[in-house]
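Presented below is the structure to which this report refers.
Just so it is clear, none of the values below were taken in a lab; they were calculated from the coordinates. These numbers were taken from a predicted model, which means no experiment stands behind them. Virtual Cβ from ideal backbone geometry, glycine too; neighbours counted across all protein chains shown.
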Amino acid sequence: MDFEFSISIMRTPAEVFALLRDKDKYSQEEVSPVIILDKTTPGPVSEGTRYREVVQMLPFYQGEILSVITRIEPPEFLEKDFWGAGMLGHLANQFISEREGTRLIQRETLDYQGRLRVFEPIIKGFLGRQLKSRLEDIKTVLESGYPVNLEDRDLN
């Protein structure tokens with residue numbers, strides 16, 4: 001399954017990039033399906049940095065998803081591969097400067113493994129709505145004035 005969504009955000013590309021790069025440092029909203037989000041690689045985020053997430057996938061099912069940063073070019077590109085909970089995927093974020101801030105483009109490829117593959121047609125519509133909602137949440141958080149860490153020398 002392939003998805004592509006974009007949204008305009010009234011913050012600089014560096015600020016939007018920093019929020020997504022440092023996602024483990026920010027608290028999750030109470031309604032977030034992400035229960036645990038840990039950066040498991042020490043040091044600053046770079047290619048090879050790994051994460052572990054526990055996500056509430058269904059009312060009675062939590063899945064573990066592992067990921068690794070595969071491309072980081074501040075403040076233009078941030079990409080990762082992920083796997084777990086019966087799926088393999090790639091998420092590519094692109095940050096484009098525009099007159100009113102940043103156009104955030106998210107491209108996601110997701111392949112379900114094993115028995116879950118049968119449910120792909122049903123899952124695709126639901127997942128598409130969830131991914132679009134996630135972008136709208138990022139926009140809301142950033143446009144509310146949420147402080148982001150711009151101390152990284154690559155962002156200035």
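For the reader, a short list of remarks on this structure follows.
- Positive-end residue of 75, 102, 3, charge dipole of the chain with Cβ unit charges: 3
- From least to most packed, judged by other beta carbons within 10 angstrom and beginning with the fewest, 41, 12 follow the order 41, 12.
- Per residue, the convex hull spanned by the Cα atoms of region 1-142 amounts to 104 cubic angstrom.
- With the charge dipole of the chain set up from +1 on Lys and Arg Cβ and -1 on Asp and Glu Cβ about the Cα centre, the Cα lying farthest toward the positive end among the listed residues 65, 122, 85 is that of 122.
- MRE, 222 nm, helices only [DSSP H, n ≥ 4, -39500 (n - 2.57), over the chain, to nearest 500]: -7000 deg cm²/dmol
- Once Rg and the Kirkwood radius are both taken over the C-alpha atoms of region 75-143, their ratio Rg/Rh works out to 1.05.
- In region 105-156, the GluC sites (Glu not before Pro) that fall in loop regions by DSSP, at most 11 other Cβ within 10 Å: 151
- This model, with +1 at the C-beta of Lys and Arg and -1 at the C-beta of Asp and Glu, gives the chain a dipole about its Cα centre of some 320 debye.
- As a proxy for reagent exposure, ranking 35, 69 by other Cβ atoms within 10 Å from fewest up yields 35, 69.
- Sites residue 124 and residue 25 - FRET efficiency at Förster radius 35 Å, r taken between beta-carbons, to 0.05: 0.65
- Backbone N within region 1-28 under 15 Å of label point (7 Å from residue 73 Cα along the Cβ vector): none
- Between residue 34 and residue 64, the contour length at 0.36 nm per residue exceeds the Cα-Cα span by 9.8 nm.
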